[in-house]
Structures are given as C-alpha cells and as structure tokens.
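The values are calculated or read from the model by the stated rules, or taken from the named source; none is laboratory data. No experiment lies behind these values; they were computed from the predicted model shown. Virtual Cβ from ideal backbone geometry, glycine too; neighbours counted across all protein chains shown.
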There are 2 protein chains.
Amino acid sequence: MKCLDLLLGRSLASSEDKKERVGAVPGVSVFGLDAFSSAAYGPEAALTVLIPLGVAGVSFALPITIGISVILFLVYLSYRQTIAAYPNGAGSYTVAKENLGDKAGLLAAVALMIDYTLNVAVGISAGVNQIVSAAPALQPHTLLLCLAILAALAYVNLRGLRETGLAFLPPTYLFVGCLGVLIALGIFRAITAAGHPQPAMAPAASPAVHEQISLWLFLKAFAAGCTAMTGVEAVSNGVQAFKEPPVAFARKALTMIVSVLILLLLGVAFLVQTYKITATEPGSPQYQSILSMVTQAVVGRGIFYYITMGAVLLVLCLSANTSFADFPRVCRTIAQDGYLPYSFMVRGRRLVFTEGILVLTALAGVLLICFNGVTDKLIPLFAVGAFLAFTLSQAGMVMHWRKKRKSGAVGSVAMNGIGGAATGITFLIVIVTKFTDGAWIVFLVIPALYLFMLRIHRHYKMVGDQLALSGSVELTPPRQMIAVVPLVSMGSLAQRALQIAFGLSGDIKVVHVEQENSPPDFQNQWAHDVLPAVSRAHLAEPQLVTLASPYRQVVTPILSYIWRLEKENPDQTIAVLIPQLIESRWYYSFLHNRHATILRTLLLMKGLNRIVVVNVPWHIQEREKIAQQAHELWKRRSKIEGPAQFIRREPAERKDERA
Amino acid sequence: MKCLDLLLGRSLASSEDKKERVGAVPGVSVFGLDAFSSAAYGPEAALTVLIPLGVAGVSFALPITIGISVILFLVYLSYRQTIAAYPNGAGSYTVAKENLGDKAGLLAAVALMIDYTLNVAVGISAGVNQIVSAAPALQPHTLLLCLAILAALAYVNLRGLRETGLAFLPPTYLFVGCLGVLIALGIFRAITAAGHPQPAMAPAASPAVHEQISLWLFLKAFAAGCTAMTGVEAVSNGVQAFKEPPVAFARKALTMIVSVLILLLLGVAFLVQTYKITATEPGSPQYQSILSMVTQAVVGRGIFYYITMGAVLLVLCLSANTSFADFPRVCRTIAQDGYLPYSFMVRGRRLVFTEGILVLTALAGVLLICFNGVTDKLIPLFAVGAFLAFTLSQAGMVMHWRKKRKSGAVGSVAMNGIGGAATGITFLIVIVTKFTDGAWIVFLVIPALYLFMLRIHRHYKMVGDQLALSGSVELTPPRQMIAVVPLVSMGSLAQRALQIAFGLSGDIKVVHVEQENSPPDFQNQWAHDVLPAVSRAHLAEPQLVTLASPYRQVVTPILSYIWRLEKENPDQTIAVLIPQLIESRWYYSFLHNRHATILRTLLLMKGLNRIVVVNVPWHIQEREKIAQQAHELWKRRSKIEGPAQFIRREPAERKDERA
C-alpha cells in the first residue's frame, strides 16, 4: 500500500471529490488539448488534398476554413445548450439515448468510444512523428517512444484529475501563445505590406499544376479539414469535473476552447493564403509541415521558430490526454445503463475511473503496436466516429427542445437542427470521400461493438431477472443439512473439520478415497480413535464412506458421491466441508496437492444452488513466526500476571493462538 | 477427456500395472539405449584427447578401452548385487541413503538428477548434430529440431512404458546389429590379412605429431572415455518396471546391456587400432566421427555405411529416452522420502509419473534453449554426476554387506569395494581433468540443489508436525458459531444466503457496506421486508451492521469488521457466508465484480483457523438451458405421471431444479 501511495498519491475519500474539480482555465487544458491539437493537423490535411492544384489551391484555404469554422460554431452553440440541459455531464450518448432512444444512444456510445481510442493512438503517433522528423536517429525507436508516452499519460491520469489539468497548463499556453503571436505578427506584416508581405524565408516551390478544382476535390479537402473539429465534444461529457457551478464553468471553458480554435484555424488559413504556402507531399524528402512553413515565412528559422515547433509537438503528444479525461467518464455512463461491465463505474483510489483509463491505455497500446507506431491511416476513422457522434447529439437536442416546447424552443430547435444537418452532411462527405481510405473499417467495427454491448446489456438483464425476488423475502425455519467431509487421514486439520461438521449438522458423511499412496490405516484409525471420541462427546455417529479409485483420481470419486447424494436428497442443503492447508508463503503451496481448490471450484461451478462449500482452513506457521508469537505472548503475560503464572498457562494459550 | 484419450490412450486402472511391465528384451531398449549410445561418443571423446599424439595415439585406444571395460565390469557386478538386494528398484539414491545415511543419499539423488537431465539435452543435441552434419540445410533449425525431438520423447513417454519399449526396439537392434556385423567383418579381415588389412577407404591423414604421451594426457583420455559408462545405472532404478520376477528380468537385461556395450567398445577400439584411425578435430572442415571412419575403413561408403550411420544417429537421439524412463522413478523415490514435492509420486492416467516426465522435459528444454541446441560443453558435467552416483552406490553396497555379515559377504564387500574405489578414482580423474572444461559448474549446482531439497524436506517435516495430533482425536459438543453474511442488496441470492445462515447459527450478523453506487434503500428493505419475514418464520432476529466506506473499498471494511469480531469472541468459530454468482460461461464473470473471490481468498489467507468460509453459490442459467431443462423435465414427468399432472407440478419442480 505504501508503494501505491508513493506511485499514485494517497487514497482520496469520496468526500474529497469537490477538491479535485477544476475551474474554467485548467478545464481548457484538460478538455481542450484535443481540439487545439487539431489546429495543427486539420489545415495540413485539407491542404494536402489540394496539392494537385498547385499555387491555385492556396486560394481555397480560407473558404474551406471559413466553412469549417461555421460548422464548428454551430456545434459549439449546440454543445453549450447540451451543457445547460444536462448539468450532470452528457455527451452524445446521453443526449441521443434520452431523446432518440436506447439504440441511437448506443450507436453514439460506440462512435465516441472509437473516436476517443483512435484519438489517443493518432495523437501520440503524430507527436512522436514530429520528434522523429526532428531527430531522425530516434526513427527505429518510434514504437517504444509511442508506448512510453502512452504509459506516462496513463500514469498522470491515474494520479487524478486536478494534477493532470495543472500539468497540462504550461504546454497549452505555450501553444496558444506562440500561434497567437505568429498570427498577429503575420497579419501586421500583411497590413503594413499592403497584403503582399515578403516571407522571411521562402516556402518550398509549388509543384506543377495537374488538375483544376472540382467539387469532388473541394469536398475531399473540406472533409479532410473537418478533422480540425474533433475533440469539441469533450467538455459536455465532463461537466461534472468542473467546480461549482459546473454548468457555468464548463460553458466558459467551451467558449474559450472553441473561440481560440476558430481564431487559430482562420489565422493559419489567412497566413497560408497571404504567403501562398502549398502543402508538400507527406513522406517525400522535401516534406515540411504547414505550420512549420507558415512560421518560417513569418519569422524565419530563429529561436521563436523552434519554440513554436516544440509547443506544437508537445500539444500533439498531449492531445491524447483529452481522451483520457473523457473516455472513462463515457464508459462510466454507459456502464450505469448496463451496456458495459459495471466495473467501469468504480472510482479508484484517486477518484478517477481506473478501469476506463486502463482499458483505453490497453486499446491504444494494441493499436500502436499493430500499426508499429505509425497511425496516419487511422485519421479518417476517427473523424467518422466524431461526426457520427456529433450528428446523433444534435438530432437528440432537436427532439429535446421539441419535447420541452418552452419559450425560445423554436430558436433552439432551429439552431440544433441546422447544426445537426451540417454535421450530418459533413459526416456523409467524410464517409464518402474517405471510404476507400479506410473509413469502411468503421462499418465493421461499429456494428461489432454495438452488438457486443447489446449482448452485455441482455446478459445483465437476464441476471437481474434471475436474482430478483418474485415477491417479498421469504424465510423458513431451517432444515438439517447434510455435511460431507472428505478426509485423507486423521490429523489436527481433519479433527478441526469434523468438529466444524458437528456444529453444522447431525448428519455427517465422512468420505475417504482409497489411494495407492495414502496411509492404509484410515479405517483402523476411524474405528479405534475417532468413533470413541465421538461417543465420549455424546455426538451422533458420522457415516464413513470409503470410495475406491481404480484410476487414481481423488476429486472425481468425491464429486460423483456428492452428485448422487444430492439426487437422493432433493430437498436438503448439502454442505461440503473442505479441509485446506494454508501455507505462510505462496510458493510453499507447490509442495501440496491442489485437491481442495479443485474440489471447491468444481462443486461451485457444476453443483446446484443446494450445495454450499465450507472451507476449513489450517494455517501452517513458520518456525520463526511461532517462536516470535510465543515470545510476544510471554512478554504480554509476564506484564499482567508475572512469568510464573505464564508457564502454567502457556500450552493452552499457544493452542488458542493456533486453533 | 475424449481428446486426452485420443492423445495419450485410455486411462489405465492401477490394477493394470502388471500388464504395462516389460520383459528383459524390451527392457534392454528401454533402459539400455543410453548405455549403447555412449559407445558412439565414448571412444570418440578419448581419441579426440589423443589427437596431439598423431598416429602414435592410436596404440593407446585399446589399453584405455580395456581399462574402461574393467571398471564397467566392476560396476556391472555391483549393480547386479544392488538389483538383488533391492528388488523394489533402487539406484544410487536408495543404496546410499539406506547404508550411508540420508545426506549421502541426497547427494546421490542430486548427482543422478543432474546426470539424467543433462543426458536428455546432450543426447538429443548430439543426435541433431549428426542430422545437421548430414543435411547442412537444416543448420538454422537446430534448436527447433532439438525441441521437436524432446516433445516427441515426452509424448511417447506420457503414453506409457510398454509402448515406449516397443517403439524403441527396432532402432536398438539395428544399432547393435550393424555395429556387430561391422566389428565381426573387421576382425575377420584383420585375421585374414595377418593383422594388417587394407582399408576399403583410407582414413584421413593423421596430423603431424606435436607431443609425447604423458600421464596427464593418458588420464585425460581415460576420463573422456569414461563417458562411455554413463547410463549403466538405469536398470537398477527401474527394477519395478520389469515383469515378474522383476529381479531376474532386470539382471538379465543388465547383463545383456553391459556385455553388448563392452563388446562394442572393445570391437571399436580394436578396429581403430588395426586400421590406425586417428580422431579429427571437432568443428574443423575435415571433421568426421570415429564411427564413420571405422565403418568406411571396413566396408567403404556403400549402402551398409549409410544404414549404420542412420542407426547411430537414431540411437543417439533416442538415448535421451533412458532418462525419461528413469528420472521420474528416481523423483518418485525421493518424493516418498519428502525431499521433493509429493506430486512426483502421483501416477497419471497411463500409470507413468507424469510430473517427473514434465519436469524433465522442461529442464532439458531450458538447457537446449539456453545453449541454442549445441550442448557439447555439457558432456563433462554429466560424467561427473554419473560417477559421483556410481561411487556413492558402491560405497553404500560395501556398508550393506558389512551390516549383513552373511556368508559370501566378504567376496561381495571386496567386489563392491574394488568397484567403489575404481569409480571413485575415476570420479576424481574426471573432476580434475575436466575442471576447467566446465566441471566446476557441478560444484555450484550440486550444493544448490542439495540445499533446496533439504529445505523441502524440512518444510514437510514442519507441516507434518503441525498437522499431527498430539494425542488421540478429541471432539467436543459443538458450540454455536457466529454467522457473518455480507450483503449488497436483497434478492434471491441474499435470501438464499440468509436461509443458509439460519441453518448454521442463531447468531447472525448481516454486514452491509455503504457504497456510492449501491442501492440506497437497503436499510428500508431490511426493516420492511426482511425483518417481517424473519418473525413470520419465528427465527432469531439477525443483527444488521452497516459499514461506511469513505475510500470506496468493499472488501476491506468487511475484513476489518470480521477481524474485530474474531478478537472480541476469542472462543467461537466464525462462519463467513459469501454469496457468489456462478456464471454459466467463464467469460461472463468479467461482467461481475470479484469481491466474493477476493474476500474468500483474504479470509482464508489472513484469517485464523477459527474463521471458516461458506460459499453460497447462485447459478445463473442461460435462457436456452432453462428452456431445455424445462423441456426435459416435461418429457420425464409426462412419462411417469402423464402431462396433466405435470402442469400442476411444474412451478415447484422448476424452482427445485434451480434452487
């Protein structure tokens, strides 16, 4: 426990929950990193699609970004309302479930879970790719770096929410600050140069023009750019992580996140267009990221360039953290409805949902290992998940307002309706334009996960039905049970088991399996030692059942006997007493057979409800421990009664200490 | 079980033991392969030491082999007597233990176990090396081939003794037959050519002479040649594997093995000397084994050459089988005395000592993997083990005869004394000449294993002492126990656990841990539902104990409560009833918490002997299964009583089937 304290911090009481909550500003870094990081790869993704247009493509950067910003704003308005309507925290899952029904909710849940998992893998892998392009010597260790960052994220999140938020504040500020300065400087230069500033360092030459703009290409660029919107969902899922009043703080954090994001996106697009920056082919030797070229064009390759690039890298790596903040909460909510194992509801020692964090880490780890740390191919997939969730959430909000029919509801319906239509269309565009790029996988994973969770729910329901009482509690005066005691030989443990059996029942069957290695004199001992003791204590004589075992099995004959007994006594409870040696150290258990454990397991697994298993333990103590206990006893006794009396009492005491 | 039947053959009853025993001739192949195979590498090892002498070295082949044969004969006489004196099968371990004391016995046991384990690794690796030199394309798969042969051997041995013996008859005969024909032919040619036959194919030219013979070199050659004697011990360990009368059959088998071995060794040495064959440097490109050169010289590279080489290869591979036949038996004997875990005494479904076979396979597998399938370096080690065991055994027999003081004992004492002295000196020679070649490792492994087995024995003794009754069995009229029932909510399972508790005791404590996710109305339910039911049934009212859990733990508060209860009631047995859901499929258990299992484990591990654990199971049945059972019940009932009556009875019956 000490060790865990050191690692994860002391256990937090449930009542300390409020202290762990965050205000708007740390909330921005807890829930906003994912959104901000998309400013780094969204424009890049859109412009990469436009490469075939050459310099002509640059002029589409701003229109596409404005389109994305409009949808982003609509989504923002919608989630603001969601936060107010669901102050306990509700993302697409709750909204869709409550307003569109369980199935739509489950679909949103699946989409979200895929989105969050992919986001972790993609974020870490994108960050590590930046590190690797800066230091190519690290190339062979890509996967190792990815997994190390994943482990670090999991660790920070297991330590708890508040500390996570604080740890991520500096990189968030650095990123927003750097890009802000960059954009301001760029705009200032553009104005002073009457719209045609001289780049501090010329961008790479644009390739020759191959194509003319087409609707298909435009849509593809738009769909690619939409990845910039993923991560906006996070705040509304995590309302409960904010300080009182959570709704106000959450809305504030969301406003800050979205406005900063929109400013960054528009600023970058403006700079791209002003400095006529075209994307470079990813994977080619001349490759350079858009943000790198923009920074270079505005300020040259000075110290500021490297700081900005460092901030971008850090934010990309840490963007995965949003998933860590949110995925466990989503799982908790889903588990509460019985679509995921209940264990997702349990809060660990630091008040975080440990299992969610561990499952997310495991899933992302598997993805990183499968793709060997290079997850570019997964980017389309997680946009699909995000937009499906967005659309379901918006549609849910429309139904929500229609049900409420309050004043102002018409406006709300319209707002969410337009948002839903916009994200729905975007979803379709993303699916269609990226289907062959991998979006088809989503059509396999979503139904599979959907059916899996449905199956969990059905099973919980069945268990619940079988555990429920049909009426009120009914108890009857107890009937005598049958006690079965399997014994190999007579010793302290056997004597103890027999004594317990007499406490349970007057109808005792002692079962002895004849073995080739067992002491042959059990019957003798029974007749000459046990039976006299039974009659001395005026107890009912137990029945001795000797079982043959031609195939040298131990457990099977006992089981067969018990099944027969159970059939012959259809109304009685059968208590099987299993004497069991308990060793002081686990490795000593290799010195003994496992018949006790096997018998217990089989009885519990294969028996009926009428068979109960009574474990009678007998603890083997190490010599040193016995000596130590005797010494302590002696010290205690000699204080109270003086050593003389102790000697007289010692044997009895020692027996008590053991028995 | 069907699957195991197919794999390992049907289960054999203990009474079928006699049928599984072998006669002298199959006994030769079961216990003799190891000895025969040493004819292939013993002379080789001795002659390799003599390489520096050039052709002059050849003249020492016969003297050294005669020396080895004399010691071999002494060892043979000694083991013949051992077989007669210990008709239950006793190798060095039993002989040394009974006559020289437990510690000498344990030392012999350790030496034997090392010897057998190394023999498996060395034999398989030597065989595979032959295959690989014949087909160099297999070189990269050396380890895989070794492990495949190891697995095959383990499998054949798990199937049982008789089948093993039969499977190994043909290769044994082929080997002995080929070498016999070869030697006879060679002697015939030598006689007809007046001692100077013309080789059919000239052996490789001898290298230039570097050295003169020295005592040190002679001793080294002798020590190396002594590896030819390993494996002779096997028969005396396995006497019980022979048909009635086992002593006669075992002696016959031993006589056959040793006489064939001596003839082979002398024959090979004679041919080496006649054809002036010198060993080639192992690992050099010109390398060829002695047996290959001898065969070539006598018959040329015809079909007979290849058959003979094939037989050598087969026997080398299979020589490991002797260890498989014997190692488990030695372990059984050691385990009977408590120096190894008792599980080595258990005979599996095919009447073999499964655990011994598996442990041997695992150890040899680890050795093979560690040395990557090339275990030449281990050969000195296993000669050390073998000769230590020989010497202890002989010394033990000397003491045996001295104790008996029968007529003829003087002769026996002399015989074993000379044998012991001879093997003892050989042991010293082996140790000294091979110390730097790796024999020093034995001085680390032997004490480690020795102390380990001593520790096991001491632990068994301590457990035995603690389990033994100090006097006769004593029973007392049972006192009422305290029943503790941890409950989360009221349902069928809780009701069942309560009902069982009433059967156990009138003093029931129901323990409820308040959890953030648990239904809040437990107290209500208790007051309004449970207590009325208790009074309706005229039962004593259980005490409800509600425990707070600020840190969201479930098991810890219950444990603390039970420890307190145990302290406050120092004389009473406490029965903790643990209600437990039993799922129909193992993977469903992930849907439930493991509190029941954790609580049970901790109570058993950390509790005193006064705490017994009662598992109250509740089986969750799958819908289909319930339907099927209802259907079967309906069919059964309708046969007995007709369908009309069944309908009336069905609900009660169904309940019974479940409850």
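Here B:F175, B:F242, B:F222 are screened, and the one residue that is in the same structural domain as B:G89 (by TED's automatic domain parsing), among the aromatic types (F, W, Y) and over 22 Å from B:A279 (Cβ atoms) is B:F242.
Out of B:L118, B:L144, report the one residue that is buried (at least 22 other Cβ atoms within 10 Å of the Cβ) and under 30 Å from B:A362 (Cβ atoms). Residue meeting the stated conditions: B:L118. Go through the residues of the range B:595-603 one by one and say whether even a single one is part of a loop (DSSP other than H, G, I, E, B), without any contact (Cβ under 8 Å) to a residue 12 or more places away in the chain and not acidic (D, E). Taking every residue of the range B:595-603 in turn, none turns out to be part of a loop (DSSP other than H, G, I, E, B), without any contact (Cβ under 8 Å) to a residue 12 or more places away in the chain and not acidic (D, E). The residue that is nearest to A:V530 (Cα to Cα), counting only those in the range B:475-488 that are touching a helix residue (DSSP H, G or I) at 6+ places or on another chain (Cβ under 6 Å) and part of a loop (DSSP other than H, G, I, E, B), is B:L475.
When B:A84, B:A46 are checked against the criterion of being surrounded by 24 or more Cβ atoms within 10 Å (Cβ to Cβ), of a type outside the set (S, T, Y) and either over 26 Å from the mean Cα position of the chain (by Cα) or in the same structural domain as B:V232 (by TED's automatic domain parsing) (or both), B:A46 stands alone in meeting it.
Going by what's in this entry, would A:M453 be described as in contact (Cβ under 8 Å) with a residue 12 or more places away in the chain, buried (at least 18 other Cβ atoms within 10 Å of the Cβ), in contact with a helix residue (DSSP H, G or I) (Cβ under 8 Å, 6 or more places away or on another chain) and more than 9 Å from chain B (Cβ to nearest Cβ)? Spelling it out, A:M453 is indeed in contact (Cβ under 8 Å) with a residue 12 or more places away in the chain, buried (at least 18 other Cβ atoms within 10 Å of the Cβ), in contact with a helix residue (DSSP H, G or I) (Cβ under 8 Å, 6 or more places away or on another chain) and more than 9 Å from chain B (Cβ to nearest Cβ). Within the range B:571-591, restricting attention to residues that are more than 7 Å from chain A (Cβ to nearest Cβ) and not in a strand (DSSP E or B), the residue that is surrounded by the most Cβ atoms within 10 Å (Cβ to Cβ) is B:E583. Scanning the range A:596-603 turns up one or more residues that are within 9 Å of another protein chain (Cβ to nearest Cβ), surrounded by 18 or more Cβ atoms within 10 Å (Cβ to Cβ) and either closer than 30 Å to B:E583 by Cα or at pLDDT 60 or above (or both).
Can you spot a residue in the range B:534-552 that is buried (at least 16 other Cβ atoms within 10 Å of the Cβ) and of a type in the set (D, E)? Within the range B:534-552, not a single residue is buried (at least 16 other Cβ atoms within 10 Å of the Cβ) and of a type in the set (D, E). Restricting attention to the range A:301-313, the residues that are β-branched (V, I, T), touching a Cys at 6+ places or on another chain (Cβ under 9 Å) and surrounded by fewer than 17 Cβ atoms within 10 Å (Cβ to Cβ) add up to 1.
Among the candidates B:T361, B:T278, the residue that is hydroxyl-bearing (S, T, Y), surrounded by fewer than 24 Cβ atoms within 10 Å (Cβ to Cβ) and more than 30 Å from B:L179 (Cα to Cα) is uniquely B:T361.
Condition first: under 34 Å from the mean Cα position of the chain (by Cα), part of a loop (DSSP other than H, G, I, E, B) and in the same structural domain as B:P199 (by TED's automatic domain parsing). Can you find one or more residues in the range B:268-278 that meet it?
no
When both residues are 6+ apart or on different chains and their Cβ atoms are under 6 Å apart, which pairs have a first residue that lies in the range B:44-55 and is among the β-branched types (V, I, T), and a second that is modelled with pLDDT of 80 or more? Here the result reads B:T48/B:A279; B:V49/B:K220; B:V49/B:A221; B:V49/B:A224; B:I51/B:A279; B:V55/B:K276, each pair linking the range B:44-55 to a residue that is modelled with pLDDT of 80 or more. Here B:P486 meets the list (1) more than 10 Å from chain A (Cβ to nearest Cβ); (2) in contact with an Asp or Glu (Cβ under 7 Å, 6 or more places away or on another chain) almost entirely, failing just condition (2).
So for the range B:514-537 (the condition being more than 11 Å from every other protein chain (Cβ to nearest Cβ), under 48 Å from the mean Cα position of the chain (by Cα) and farther than 27 Å from A:P341 by Cβ), does at least one residue qualify?
No, the conditions are met nowhere in the range B:514-537.
Here the range B:330-341 is the region considered, the condition is being touching a Leu at 6+ places or on another chain (Cβ under 7 Å) and within 13 Å of chain A (Cβ to nearest Cβ), and the residue that is surrounded by the fewest Cβ atoms within 10 Å (Cβ to Cβ) is B:P341. In this structure, A:V442 does not qualify as modelled with pLDDT of 85 or more and either more than 11 Å from chain B (Cβ to nearest Cβ) or surrounded by 17 or more Cβ atoms within 10 Å (Cβ to Cβ) (or both). Considering only the range B:159-188, state which residues are modelled with pLDDT under 90 and under 25 Å from B:M309 (Cβ atoms). Listed by number, the residues that qualify are B:T164, B:G165, B:L166, B:A167, B:F168, B:L169, B:P170, B:P171, B:T172, B:Y173.
Have a look at A:L498, A:L544 and point out the one that is modelled with pLDDT of 90 or more and either part of a loop (DSSP other than H, G, I, E, B) or facing chain B (nearest Cβ under 10 Å) (or both). Explain how you work it out, then say what you get.
Values: A:L544 fails: either part of a loop (DSSP other than H, G, I, E, B) or facing chain B (nearest Cβ under 10 Å) (or both).
Criteria check complete, one pass: A:L498.
So if I check each of A:V432, A:V463, which one is within 8 Å of another protein chain (Cβ to nearest Cβ) and either more than 24 Å from the chain's Cα centre (by Cα) or at pLDDT 85 or above (or both)?
Matching residue, one of A:V432, A:V463: A:V463.
Take the residues in the range B:234-265 that are of a type in the set (D, E, K, R) and touching a helix residue (DSSP H, G or I) at 6+ places or on another chain (Cβ under 6 Å); name whichever of them is modelled with the lowest pLDDT. Only one residue fits best here, namely B:K243.
Screening the candidates B:L254, B:L316, B:L263 for the property of being assigned to a helix (DSSP H, G or I) and either surrounded by fewer than 23 Cβ atoms within 10 Å (Cβ to Cβ) or not assigned by TED's automatic domain parsing to the domain that holds B:F31 (or both) yields one hit, B:L263. Among the conditions (1) of a type outside the set (A, V, I, L, M); (2) under 27 Å from A:G419 (Cβ atoms); (3) assigned to a helix (DSSP H, G or I); (4) in contact with a helix residue (DSSP H, G or I) (Cβ under 7 Å, 6 or more places away or on another chain), the only one that A:G231 does not satisfy is (3). Just one of the listed residues (A:G91, A:G54, A:G127, A:G123) is over 28 Å from A:I357 (Cβ atoms), in contact with a Ser or Thr (Cβ under 9 Å, 6 or more places away or on another chain) and modelled with pLDDT under 90, namely A:G54. Where helices (runs of 4 or more DSSP H) fall wholly inside the range B:55-145, the ranges with 1 or more residues that are within 17 Å of B:Y450 (Cβ to Cβ) are B:92-100, B:102-134. For the condition more than 10 Å from chain A (Cβ to nearest Cβ) and surrounded by 19 or more Cβ atoms within 10 Å (Cβ to Cβ), B:P617 does not qualify. Restricting the range A:319-348 to residues that are aromatic (F, W, Y) and in a helix (DSSP H, G or I), the residue that is farthest from A:L147 (Cα to Cα) is A:Y342.
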